[in-house]
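The values are calculated or read from the model by the stated rules, or taken from the named source; none is laboratory data. Quick caveat, the model's predicted, so the values are computed rather than measured. All Cβ positions, glycine included, derive from the backbone under ideal geometry; neighbour counts span all protein chains shown. Surface areas here come from the heavy atoms of the whole protein model, side chains and all, with no ligands, DNA or RNA. Shrake-Rupley method; radii C 1.70, N 1.55, O 1.52, S 1.80 Å.
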Amino acid sequence: MAHIHCTDIVKSYGAHPVISGLNLDIPNHEFVVFLGPSGCGKSTMLRMIAGLEEVSGGRIEIGGTDVTDLPPGERGVAMVFQSYALYPHMSVADNITFGLRRQGVSKAEIAPRLKQVAEVLGLEQFLDRRPKNLSGGQQQRVAMARAMIKTPKVFLFDEPLSNLDAKLREKLRTEIRRMHLKLKTTTIFVTHDQLEAMTIADRIVLMRDGMIEQMGTPDEIFERPASRFVADFIGTPAMNFVTATLEAGLIARSGSIKLQLSEAEFPSLNPGQEVELGLRPARMDLCAPGSANALTGEVVLVENMGAEGQVITEVDGAEISFVTQGFRDLSIGDTVHFTIRPEHIHVFDPKTGRSLRKD
Amino acid sequence: MGKLISTTLTRALLGLLIIVALGPILWTVLGAFKELRDIVTPVPKLIFEPTLDNFATILRNPTIRDGLLHSVIVVSASVLVGAVLGIPAAHTLARHARRWGDDVQFFVLSLRFMPPVAIAIPFIVIYLDLGIYDTLFGLILVYLITTISTVIWLAVPAFERVPHDIEEAAAMEGCGPAEVFWRFSLPLAAPSLFGALVFTFVLVWNELLLALTLAAQNATLPVVAASITSLGKEVPWGVINAATVLLVLPPLVFIGLLMGLLNTMVRSGPK
Ligand SMILES: Nc1ncnc2c1ncn2[C@@H]1O[C@H](COP(=O)(O)OP(=O)(O)OP(=O)(O)O)[C@@H](O)[C@H]1O
Ligand SMILES: [Mg+2]
């Protein structure tokens, strides 16, 4: 069984710490996505699990075996690189079967396995070609076939889709997800595309500056962000933030804005407290004037996104945006009223940035 | 119509350039098969009765025959050892010692700045003391300075162009460092390395000064060829031409062999 267990992982390049004391548990069969801004240490973490990078401290276990000091080839993991890293001097078939041939697996056993992965990934007619004669998407599939044929305990992907165009990305994303549902191999997938992470992951590990900011299902990350950083990072259009002061009865007030907060979610808030409110554009919509939790603003810009549109408004001199299907009737300069339900309002400590939601 | 004229003109120009470039070489080759009286005629002869006498003269002449043999031994040995030591060194520099790589690269290159004359005289003294003056071993030793440094200098960029990811992907499949080098880095860098080896080969094959100063009996072909002119009163043009052809031939054969070797190497993964 291939659960992954990382304890107190530290990594520094010279005096420059990249990962500082990271603990991570990944259960067997899970599809985990490392998500985070550029330079937060996602690739470094993945490469340490792969064995391509040494840890400066801490232990890594895969399937109950301590692999910290094992070379990459003995960890039972397979990796798909961002650049695909296909062997240019070998045919596609040789690329895929290299690992097995190297282990001395017999031809008779390799042939059916090659046939099977080639079939799954639609590579049958390309097996005799050289990698450079394939399109980006086909090369991507070869890289995946090469990882799959070894039936590893763990799949590692480092931004495997970032060199592809949007359409193909979406298609391969679905394919990878479907493949995982079938094979159930524990998988770690690195990306800095939050939409990719949300759609593909069982669990998201959101990283920031070499630390885990939050770990949870896509829903948890989206609906219950543990910090302002997470809330800001996840979701398009990005969340609006408003600094407000609490009044009795869990009312947050900031200028003309007056919002009722959820008693169930935030029982520990006190009147007079300064808080930072997080309002997701997608959770707000147009409403009649005078409705509960209504905000009133002047339309500054309307962005057409097809089925819906993002409306950017000015409320008390600050910009707040929301998403609505009724954007076509709005034009710049209009006064609009929009509302958000109490349970969709996030509240953060303005100093620490942590969420004030009860656990 | 205009297109036809321009094509014809381009072709003609190209042909002219080829004649200018290859003319002297062809003339030398032709001369190698001519008798002396056919060469020294005031009107150049294109139609003549070919003769192998010149080659026979050369190959029967022990000095020239030995010179050829010495050249082949000295140059192949020094290029071979240079490659065996220089190529892995270059890979290490390119991959594992990037920090010092530039300094080492410069040091290696600086070996080539030095005019051979500067080391020739001290080497005579040292070689006489060591008892390896006028030996093939001594020549090989001094040529190794040239071959190792040139191979390293040219091979480091060749290995730097091999994508790091590919070596890592190979490591993920269980290949150790030596296997990664042998099966991936080397074949992928091979085309550039091939150029480096040919360049090195030609460099030492044509070397005259050190060969002249460090060997007497065991002279190499360039030394012998240079001294042919003083063989007799009459300049033996045919013989000189034939010697030139012999001098040019080995590098060509060498290039052919290397190419074949590389082609097979690049194709083979594990069976
Ligand atoms: N070989 C190295 N030497 C020094 N610093 C390094 C090295 N490799 C990575 N770093 C540093 O480690 C930090 C994390 O890098 P890493 O590649 O893990 O980021 P990432 O999260 O994968 O970013 P991206 O999304 O851009 O790929 C960065 O600040 C980077 O500069
Ligand atoms: Mg990265």
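Flag: A:Val77 matches the condition of being touching a strand residue (DSSP E or B) at 6+ places or on another chain (Cβ under 6 Å) and either away from ligand 1 (no atom under 16 Å from the Cβ) or not assigned by TED's automatic domain parsing to the domain that holds A:Asp209 (or both).
None of B:Leu197, B:Leu144, B:Leu139, B:Leu128 is away from every other protein chain (no Cβ under 14 Å) and open to solvent by 50 Å² or more (accessible area, probe 1.4 Å) except B:Leu128. Among the residues of region A:29-69, those identified as open to solvent by 30 Å² or more (accessible area, probe 1.4 Å), of a type in the set (Gly, Ala, Ser) and within 13 Å of ligand 2 (Cβ to nearest atom) are A:Ser38, A:Gly39, A:Ser43. A count restricted to region B:27-44 and to residues that are part of a helix (DSSP H, G or I) and open to solvent by 40 Å² or more (accessible area, probe 1.4 Å) stands at 6.
Does B:Phe159 satisfy the condition of being under 30 Å from A:Leu70 (Cβ atoms), in contact (Cβ under 8 Å) with a residue 12 or more places away in the chain and not in a loop (DSSP other than H, G, I, E, B)? Yes, satisfied. When region B:157-169 is limited to residues that are under 31 Å from the mean Cα position of the chain (by Cα) and open to solvent by less than 30 Å² (accessible area, probe 1.4 Å), the one that is farthest from A:Met148 (Cα to Cα) turns out to be B:Ala158.
Give me the residue from region A:70-106 that is away from ligand 2 (no atom under 16 Å from the Cβ), of a type in the set (Val, Ile, Thr) and buried (at least 20 other Cβ atoms within 10 Å of the Cβ) and, out of that set, nearest to the chain's Cα centre (by Cα). It comes out as A:Val77.
Residues in region B:170-194 that are more than 10 Å from chain A (Cβ to nearest Cβ) and small (Gly, Ala, Ser) were compared, and the one that is most open to solvent (accessible area, probe 1.4 Å) is B:Ala178.
For region A:176-217, filtered to residues that are part of a helix (DSSP H, G or I) and either of a type in the set (Gly, Ala, Ser) or open to solvent by 60 Å² or more (accessible area, probe 1.4 Å) (or both), the residue that is nearest to ligand 1 (Cβ to nearest atom) is A:Ala197. For first residues located in region A:9-22 and open to solvent by less than 40 Å² (accessible area, probe 1.4 Å), partners that are charged (D, E, K, R) and within 16 Å of ligand 2 (Cβ to nearest atom) and lie 6+ apart or on another chain with Cβ distances below 8 Å form the pairs A:Lys11/A:Glu53; A:Val18/A:Lys11; A:Ile19/A:Lys11.
Residue-level check: of (1) modelled with pLDDT of 90 or more; (2) in the same structural domain as B:Leu221 (by TED's automatic domain parsing), B:Leu13 misses just (2). Among the criteria (1) in contact with a Leu (Cβ under 9 Å, 6 or more places away or on another chain); (2) closer than 20 Å to B:Ile140 by Cα; (3) in a helix (DSSP H, G or I); (4) not aromatic (Phe, Trp, Tyr), the one B:Ala219 does not fulfil is (3). Can you spot a residue in region A:151-174 that is within 14 Å of another protein chain (Cβ to nearest Cβ), polar (S, T, N, Q), open to solvent by less than 40 Å² (accessible area, probe 1.4 Å) and away from ligand 1 (no atom under 15 Å from the Cβ)? No, region A:151-174 contains no residue that is within 14 Å of another protein chain (Cβ to nearest Cβ), polar (S, T, N, Q), open to solvent by less than 40 Å² (accessible area, probe 1.4 Å) and away from ligand 1 (no atom under 15 Å from the Cβ).
Okay, residues lined up against (1) more than 9 Å from every other protein chain (Cβ to nearest Cβ); (2) out of contact with any Ser or Thr (no Cβ under 9 Å at 6 or more places or on another chain); (3) touching a residue at least 40 places away in the same chain (Cβ under 8 Å); (4) under 23 Å from A:Met179 (Cβ atoms):
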site: A:Ser56; (1), (2), (3), (4): yes, no, yes, no
site: A:Glu61; (1), (2), (3), (4): yes, no, yes, no
site: A:Leu70; (1), (2), (3), (4): yes, yes, no, no
site: A:Val117; (1), (2), (3), (4): yes, yes, no, yes
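In region B:10-25, what count of residues is obtained for those that are exposed (fewer than 12 other Cβ atoms within 10 Å of the Cβ) and within 29 Å of the chain's Cα centre (by Cα)? So the count comes out to 11. Figure legend. Inter-residue proximity from region A:72-97: first residues closer than 17 Å to A:Thr187 by Cβ and more than 7 Å from chain B (Cβ to nearest Cβ), second residues within 16 Å of ligand 1 (Cβ to nearest atom) and among the polar types (S, T, N, Q), beta-carbon distance below 7 Å, spacing 6+ or different chains. Indicated pairs: A:Gln82/A:Ser162; A:Gln82/A:Asn163.
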